[in-house]
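**Q** After the structure tokens below, expect a handful of questions from me.
What follows draws every value from the coordinates through simple rules; no lab data is involved. Predicted, not measured: the structure shown is a model, and the values here were computed from it. Positions of Cβ are generated from backbone atoms using ideal geometry, with glycine treated the same way; all protein chains shown enter the neighbour counts.
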Amino acid sequence: MPLLSFSGDLVQPVGNISLPIAFGVAPSIMMTYDQFLIVDCPTTYNVIVRWTTLTRVKAHLSPHMLLMKFPTRNGTGVIRGDQLSAQRCLCPFFPFFYRSGVCRLWEGFVA
């Protein structure tokens, strides 16, 4: 079954694989397994985690704060995003960010 890529193209999955996922760092870590589709298309993402997986680990998301919290045996696990890194990754793929001035910091950035 073809998927719709972020660019709007239809992409045929190459295969699928079951992999372990570790959320957080020791000692506040949550482990689970999930099925991933393998696709051959350029994207800024390494992996996309399904909502069902986030529900299974009882994750609480705050996209505005780039924050995810989840319960573990050793208290609350926390994953924090980095806004500047996120902008650096997204700017080349979304012209809106250039027009809005968000990417001004990254002009001239060489990967």
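**Q** Taking the Cβ of each residue in LYS69, LYS58 as the centre, tally the other Cβ atoms inside 10 Å and list the residues starting with the fewest. Walk me through the numbers before you get to the answer.
**A** Working: LYS69 17, LYS58 11.
Ascending number of Cβ neighbours within 10 Å: LYS58, LYS69.
**Q** Enumerate the calculated ³J(HN,Hα) couplings along region 31-42 in order (Karplus 6.51 cos²θ - 1.76 cosθ + 1.60, θ = phi - 60°), each rounded to whole Hz, writing x wherever the residue is Gly or Pro.
**A** 10, 7, 10, 8, 8, 10, 7, 9, 10, 10, 7, x
**Q** Enumerate the calculated ³J(HN,Hα) couplings along region 4-10 in order (Karplus 6.51 cos²θ - 1.76 cosθ + 1.60, θ = phi - 60°), each rounded to whole Hz, writing x wherever the residue is Gly or Pro.
**A** 8, 6, 5, 8, x, 7, 7
**Q** Below 8 Å between Cα atoms, with a sequence gap of 6+, how large is the relative contact order for region 3-80 in percent? List each step's numbers first, then the result.
**A** Details: 109 pairs, mean separation 20.9, N = 78.
Computed value for region 3-80: 27 percent relative contact order.
**Q** Still on this model: How big is the shadow of the Cα convex hull of region 3-80, averaged over all directions, in nm²?
**A** Averaging across all directions leaves 6.0 nm² for the Cα convex hull.
**Q** Let me ask something else about it. Hey, what do the phi angles of region 68-81 turn into as Karplus ³J(HN,Hα) couplings, whole Hz, using 6.51/-1.76/1.60 and θ = phi - 60°, x for Gly and Pro?
**A** 3J(HN,Hα) across region 68-81, in whole Hz: 9, 10, 7, x, 9, 5, 10, x, 8, x, 9, 10, 10, x.
**Q** Using amide H atoms built in the peptide plane, which far-off residues or other-chain residues are under 5 Å from ASP34 H to H?
**A** Amide H to amide H, under 5 Å and 5 or more residues apart or across chains, ASP34 pairs with LEU19, ILE21.
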